[in-house]
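Below is one structure; the comments refer to it alone.
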Amino acid sequence: MRHLGKKCTGCAACYNGCISGAIKMKPDSEGFLYPRISKEQCIQCDLCTMICPLMGSNLSKLEYPSTKIAFAGKCSDVDLQMSCTSGGVFTAIAVDFIKNDGIVYGASYMKDFSVKHIRITDIDEVQKLSGSKYVQSSINDIYKYVKKDLDDGLKVLFSGTSCQVAGLRSYLKKDYNFLVCVDMICHGIPSPRIWNWYFGKLKEKVIDIHKVVHKGKNPGGWDWKKQFMLIESSKKEIILKENIWENSYMKGFLSDLYLRPYCHECKFKSEDLKRVSDLTLADYWGCEIEEKEFFDSNGISLILVNTKKGGKILDNAEKIIIKKTNLKKALCYNNSAYTSPEKLNVRKRFFEEFNNIETLEDFKLLVDSCEKEAKKEKRSLIHKVKRKVRHIMYTSRK
């Protein structure tokens, strides 16, 4: 196998497709999973290279034509809407899917609050897949289970990051009429090592942790400035509730201190908006400006319809209210659809110093210090870009 190195997304398509069992997904020093190949078990079939969505021209074969239709959307069930990060669109679609004898796959917290993809068949379990989990989920053997379900003639809804959707579709090698894929506009994927350490430190103080919400909202308070991280006990006692811009874990994520290296040059973000899923979901920031009458302070989703199959799913959804919106204007408020986060020099410093910290207070001090440095770097980068643009404009007049 020709290894991608740090350009690997960790999608695990190669692992799922290896017929000799030579590939294992192992964490590196930063906690991100990468394929590791056993020379003794490898039979040199090169199937892993053919399956990898980023090798050769594989990605271009998976991309659908540019997105042309966008909607503002929300779930008509307010309780369901409030339990989700934005408008509750994915959860409503998942409920419909299971009602119609379908299978749903998505990211879920496990008992130890690590994040993995799971398979669900019960409406009562859909809530496990709701809400944003700001840590990279482990795929394990999920693609194999999806393939078996599809080969058995079952309807499957698969949700994940763009790279995970690409990994699944590349592994399957063909399109299935009964497969619907949903991805999200993603800022980047934080390190599982950082999350596991942070959560472990919290658990040292309070063993009885029952609920984690990475990005919560109060009724009528869906606003990126007001969202919070929440951790509760089984008795619904609040262990931690902090604004996401003040919570050290979320602040480190939002400052790009521990994203997966690949995220800084993501191939699934582009100005022409070619996607690998049937539907793409995101928070519809700016909806209160672009769609004033439709805006709902409990949360609104932005929905990109990338295929006819995706459009059909949206049309048939029972509890989703939608309104067509201007795609370009909507994405003015969400540049993560087409721009990767800059890789900052301070990222290296963060991981070097993280190895030596022992307490949550140490972690907070490190994140605060690195965040300040990150802001300086970003201001410098903006200055360089503006200077380059002025130079281009000046020389074009000559």
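Taken together, the values in this text are just the output of simple stated rules run on the coordinates, not laboratory data. This one's a predicted model, so the numbers in the text were calculated from it and none came from an experiment. Positions of Cβ are backbone-derived with ideal geometry, glycine not excepted, and every protein chain shown enters the neighbour counts.
For the range 294-306, 3J(HN,Hα) computed residue by residue from phi via the Karplus equation (6.51, -1.76, 1.60; θ = phi - 60°) reads 8, 3, 9, 5, 8, x, 10, 9, 9, 10, 9, 9, 9 Hz, glycine and proline entered as x.
Once the convex hull of all Cα atoms in the range 296-343 is built, its volume per residue stands at 126 Å³. Close amide H pairs (under 5 Å, H built 1.01 Å from N) link ILE103 with LYS155, VAL156, LEU157, residues at least 5 positions away or on another chain. Using the alpha-carbon positions of the range 241-310, Rg (one decimal) and Dmax (whole number) come out as 15.8, 42 Å. Scalar couplings 3J(HN,Hα) for the range 37-43, obtained by applying the Karplus form with A = 6.51, B = -1.76, C = 1.60 to θ = phi - 60°, are 10, 7, 4, 5, 8, 5, 9 Hz; x denotes Gly and Pro. Among ILE51, ILE303, ILE37, a tally of other beta-carbon atoms within 10 Å of each Cβ gives an order, fewest to most, of ILE37, ILE51, ILE303.
Over the chain, the ratio between the Cα radius of gyration and 2.2 N^0.38 Å evaluates to 0.99. Extension gain, ASP46 to LYS24, is 6.4 nm, computed as 0.36 nm per intervening residue step minus the present C-alpha separation. May I ask you to list the residues of the range 93-123 whose amide nitrogen lies under 20 Å from a point 7 Å from Cα along the Cα→beta-carbon direction of ASP208? What the label zone holds, given the 20 Å backbone N cut-off, is 111-113. When peptides 165-171, 231-237 are sorted by average Cβ neighbour count within 10 Å, with the highest value leading, the order is 165-171, 231-237.
In the P(r) worked out for the range 90-232, what percent of Cα pairs fall beyond 26 Å? I get 29 percent for the Cα pairs in the range 90-232 exceeding 26 Å. Sequence-ordered 3J(HN,Hα) estimates for the range 311-325 from the Karplus curve with 6.51, -1.76 and 1.60 and θ = phi - 60° stand at x, 5, 4, 5, 4, 8, 5, 6, 10, 10, 9, 10, 9, 5, 9 Hz, glycine and proline given as x.
Both radii come from the Cα set of the range 5-60: Rg as radius of gyration, Rh as Kirkwood radius; their ratio Rg/Rh reads 0.96.
Near ILE300, the amide H atoms lying under 5 Å from its own belong to GLY87, TYR284; only residues 5 or more places off or on other chains count, and H is placed 1.01 Å from N. Between LYS6 and ASP101, the FRET efficiency from the beta-carbon distance, with R0 = 41 Å, is close to 0.45.
For the range 188-282, list log₁₀ I(q)/I(0) at each q in 0.17, 0.23, 0.25 Å⁻¹, using the Debye formula over Cα point scatterers of equal strength and ignoring solvent, two decimals each. With one equal scatterer per Cα and no solvent, log10 I(q)/I(0) is -0.91, -1.22, -1.28. Here are some pairs, LYS201/LYS364; LYS26/LYS174; LYS201/LYS251; LYS7/LYS364; LYS155/LYS312; LYS99/LYS319; which of them have Cα atoms lying more than 19 Å apart in this structure? Over 19 Å Cα-Cα: LYS26/LYS174; LYS7/LYS364.
Extension gain for ASP124-ILE357 works out to 79.8 nm (0.36 nm per residue, less the C-alpha to C-alpha distance). Listed from fewest to most Cβ neighbours within 10 Å, the set TYR134, TYR15 follows the order TYR134, TYR15.
Roughly what % of Cα-Cα distances in the range 34-98 sit above 18 Å, to the whole percent? So the portion of pairs separated by more than 18 Å is 65 percent. The fewest-to-most ranking of PHE294, PHE178 by surrounding Cβ atoms within 10 Å reads PHE178, PHE294.
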